[in-house]
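Notes follow the structure.
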Amino acid sequence: MPQPLTVVMYHYVRNIKESRYPQIKGLELDLFIEQLEFFAKHYHVVTMEQVLAAKYQEIPLPDKALLLTFDDAYAEHFTHVYPILKKMNMQGSFYVPAKTVLEHKVLDVNKIHFILASVTNVHDLVLSLKAEIEVYQHEYNLNSFDDYFSEFAIESRFDNKEVIFIKRMLQHVLPEKLRNIISDKLFKNYVGMDEGAFCRELYMNKYQLEQLVRDGMHVGCHGYDHYWWNKLAPEALTDELEKSKEFLASLGCDMHNWTACYPYGSSSYDVVLELEKQGCSLAVTTEVRVADLDSDHALLIPRLDTNDLPKQKNAETNHWYQQA
Ligand SMILES: [Zn+2]
């Protein structure tokens with residue numbers, strides 16, 4: 001029998017308009033609260049433990065079951081999201097890239113977000129990137145800028161083609177060492193803040209994560225370095241997961257029921273096999289669909305984005321509700 005589960009994915013949840021980076025793409029806190037009220041009215045918000053029991057012990061989920069997931073362990077997930085969830089008696093599942101907590105390094109993905117949020121015209125950034133590619137072309141044996149642009153500048157559901165181009169180039173197209181060099185340079189030029197200080201402001205720390213675990217929230221694996229898992233060599237992926245698991249264990253997570261969230265939704269057949277080998281109980285992707293616990297593989301659970309669902313508490317349900 002089908003067992004629908006709506007999994008919702010959140011990233012930034014903050015008072016964006018009043019923040020230092022009003023251009024950052026995320027969910028305004030007041031809309032987050034309204035969306036939870038909407039869920040309380042139309043869905044049953046369930047815990048990860050309930051989801052695992054439904055998948056593995058055939059204990060059925062309630063009707064219109066919904067699971068809340070928060071990626072990247074931003075500080076606002078502790079300061080803003082957690083108290084609201086507590087008040088509404090809901091559990092969140094928080095996916096943490098361990099490096100941010102252990103090394104106080106800003107992930108390249110976040111550097112890119114804040115670089116983008118700090119420029120007035122994205123085209124300037126494309127030109128800066130073009131200049132960098134030309135400088136390093138010979139040393140790193142790169143293709144021409146035009147070749148890269150025609151291959152990777154393809155708009156997505158949420159971003160125009162120049163934004164996607166910058167994200168792709170700095171997330172995985174350029175060689176890792178060069179990506180780091182260029183991201184650092186652009187971060188210094190456009191954001192202009194000390195990385196350590198910025199990091200402490202952006203992400204949760206270990207004590208906050210321990211508090212979430214102690215208080216019945218779910219905390220799971222989002223890699224060590226937030227790399228695309230399906231682009232890593234097998235040994236590098238093993239290492240990513242082992243280091244991340246060690247970190248989760250140090251937070252007090254239940255390592256018999258650990259779960260994962262693919263950075264950038266980077267799943268593949270080989271990655272699923274490795275997660276299986278390492279004993280992962282459940283993993284969430286970025287495939288946009290309501291999950292069916294009966295037919296979906298536990299390590300390939302699709303999610304909806306917060307933007308796919310209504311954000312006003314009195315809104316009508318949308319088409320995803322029929323499938324929920
Ligand atoms: Zn992430």
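Numbers for the structure displayed
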quantity: Qualifying positions in the stretch 61-75 - in a helix (DSSP H, G or I) and more than 16 Å from the ligand (Cβ to nearest atom); calculated: none
quantity: Scope the stretch 33-53; condition in a loop (DSSP other than H, G, I, E, B) and either more than 19 Å from the chain's Cα centre (by Cα) or outside the structural domain of G92 (by TED's automatic domain parsing) (or both); matching residues; calculated: Y43, V46
quantity: Test: residue in the stretch 185-192 that is among the charged types (D, E, K, R) and assigned by TED's automatic domain parsing to the domain that holds V81; calculated: no
quantity: Wholly within the stretch 76-140, helices (runs of 4 or more DSSP H) carrying at least 1 residues that are within 16 Å of the ligand (Cβ to nearest atom) and among the aromatic types (F, W, Y); calculated: 108-118
quantity: Top-ranked residue of the stretch 1-32 - restricted to ones that are among the basic types (K, R) and under 17 Å from the mean Cα position of the chain (by Cα), ranked as nearest to the ligand (Cβ to nearest atom); calculated: K25
quantity: Test result for Y56, of a type in the set (F, W, Y) and surrounded by 16 or more Cβ atoms within 10 Å (Cβ to Cβ); calculated: no
quantity: Close pairs (6 angstrom Cβ cut-off, 6 or more residues apart or separate chains): in a strand (DSSP E or B) in the stretch 263-283, within 13 Å of the ligand (Cβ to nearest atom) anywhere; calculated: A283/A260
quantity: Filtered residues of the stretch 209-231 (kept if closer than 12 Å to V271 by Cα, modelled with pLDDT under 95 and not aromatic (F, W, Y)); calculated: K231
quantity: Residue match in the stretch 269-280 (condition: within 13 Å of the ligand (Cβ to nearest atom), open to solvent by less than 20 Å² (accessible area, probe 1.4 Å), under 24 Å from L5 (Cβ atoms) and not basic (K, R)); calculated: no
quantity: Residue in the stretch 133-148 that is least open to solvent (accessible area, probe 1.4 Å), counting only those that are polar (S, T, N, Q) and over 19 Å from V163 (Cα atoms); calculated: Q137
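Residue-wise test of (1) over 17 Å from the mean Cα position of the chain (by Cα); (2) among the aliphatic types (A, V, I, L, M).
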{"residue": "M255", "(1), (2)": "yes, yes"}
{"residue": "A260", "(1), (2)": "no, yes"}
{"residue": "E274", "(1), (2)": "yes, no"}
{"residue": "P302", "(1), (2)": "no, no"}
{"residue": "D305", "(1), (2)": "no, no"}
{"residue": "N314", "(1), (2)": "yes, no"}
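The values are calculated or read from the model by the stated rules, or taken from the named source; none is laboratory data. What you are looking at is a predicted structure, and each value in this text was computed from that prediction instead of being measured. Using ideal geometry, Cβ is built from the backbone for each residue, glycine included, and neighbour counts are taken over all protein chains shown. Keep in mind that these areas ignore ligands, DNA and RNA; they rest on the heavy atoms of the full protein, side chains included. Shrake-Rupley method; radii C 1.70, N 1.55, O 1.52, S 1.80 Å.
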